[in-house]
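Worksheet: the structure to be examined is printed underneath.
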Amino acid sequence: MTGNGVASIGECMLELSGQAGPNWRMGFAGDTFNTLWALHALSGDRPATYVSAFGDDPFSRDQIGFFGENGIGIGASPIIAGARPGLYAITLTGAERSFTYWRGDAAARQLASDPAALAKSLENQSLVYFSGITLAILNDGARTSLLAAVAKARAAGSLVAFDPNYRPRLWRRREEAQAAILDALAVTDIALPTFPDEQMLFGDAAPQATAERLGELVGEVVVKNGEEPALIAASGTLRPVAAVHVAAPVDTTGAGDSFNGAYLAARLAGHAPTEAVLRAHRVAAAVVQVRGALAPFETLRAAFED
């Protein structure tokens, strides 16, 4: 029988944001960590675990310390001697962001290097979450190990959620991404795709096409589409749920990730998919009104319960 914890698998990076002249603000963020941040904030006292691999440098130690200060553990994630975290910088044009990355030798690429440790981190979790970026940073063998560990956790009773989160620059070929993402969907209970990503990767003409295609593979699908309605595919039906309009967003970084965290928190709390999407839209709208990927817990909770 599974426990009540939540685990997210992937890469948390050093984030440079809020540039003011030559000065930057440094924090910690990454797609699956951003989702866990919101999920943890909105899930009461559920234990939260970020499953990755870490270096032994001062930045890695600070990162792990930051997790702990905010109630997030690292399970049995390996500490790799001589390794270090990846880094990215956010530059903004208005509220729209672009990213510059330094991540080629990041420790997180070794998160599946010890299959037994990975499986241990996923034991007794009520929910396991990962993304297409988690897949993309791994080599073929590590990707196979990851999906085997996720499948084992699912067989033991964990609910598995997955966001395809397609980023072309991380993949050698489009076909490789398609195959890996389809393999991941085969062990998934809740899929949380974004329509423009799916259009780019699979050629879907409209959100309905994404929902219908993934609905053949996964029991519960929520297609995100920015400020357009999200589309739920579950129990053989499609339901659009209008988004929350933000007149003057500050920074859209992490909005979709926070949507995912809020949606999953609501579903774990027993809310139906439509109510979960409404809460997730409110949380995403709150996140785009703060700088950086991680909104304060109080901001997330106020939007979720509003």
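The values are calculated or read from the model by the stated rules, or taken from the named source; none is laboratory data. Just so we're clear, the structure is a prediction, and the values are computed from it rather than from any experiment. Note: ideal-geometry Cβ built from the backbone for every residue, glycine included; neighbour counts use all protein chains shown. Quick note on the areas: whole protein, heavy atoms, side chains included, nothing else; ligands and nucleic acids left out. Shrake-Rupley method; radii C 1.70, N 1.55, O 1.52, S 1.80 Å.
Here is how the numbers come out for the structure above:
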quantity: Relative contact order of the chain, pairs being alpha-carbon contacts under 8 Å that are 6 or more residues apart, as %; calculated: 17 percent
quantity: Accessible surface of the range 12-135 [probe 1.4 Å, protein heavy atoms]: carbon and sulfur percent; calculated: 53 percent
quantity: Cα centroid separation - the range 102-165 against the range 203-224, whole Å; calculated: 23 Å
quantity: Projected label distance in nm at A148 and T274, using a 7 Å step from Cα toward the beta-carbon; calculated: 4.4 nm
quantity: Residue of P168, P196, P85 that the Gaussian network model of the chain assigns the largest fluctuation, springs spanning Cα pairs under 10 Å; calculated: P168
quantity: Check: the range 116-253 dipole with +1 on Lys, Arg Cβ and -1 on Asp, Glu Cβ, in debye; calculated: 380 debye
quantity: 10 Å-binned pair-distance histogram of the chain (Cα, whole percent); calculated: 6, 30, 39, 22, 3, 0
quantity: Pair W102, A302: separation of 7 Å Cα→Cβ label points (nm); calculated: 3.6 nm
quantity: The range 164-294: C-alpha pair distances exceeding 20 Å, %; calculated: 44 percent
quantity: Rg(Cα)/(2.2 N^0.38 Å) for the range 138-218, N = residue count; calculated: 1.10
quantity: Under the Karplus curve 6.51 cos²θ - 1.76 cosθ + 1.60, θ = phi - 60°, whole-Hz ³J(HN,Hα) for the range 119-131, x wherever Gly or Pro sits; calculated: 4, 4, 5, 9, 5, 6, 9, 6, 9, 10, 10, 8, 9
quantity: FRET efficiency estimate (nearest 0.05) - Cβ-Cβ, Q208 to R169, R0 25 angstrom; calculated: 0.35
quantity: Accessible solvent surface per residue of the range 1-78, calculated while the other protein chains remain in place, 1.4 angstrom probe, Å²; calculated: 37 Å²
quantity: Distance (nanometres) between label positions extended 7 Å along Cα→Cβ at D56 and Q178; calculated: 4.4 nm
quantity: Ranked packing of 99-112, 251-264, most packed first, by mean Cβ within 10 Å; calculated: 251-264, 99-112
quantity: Rg(Cα) / (2.2 N^0.38 Å) computed for the range 248-290, rounded to two decimals; calculated: 1.13
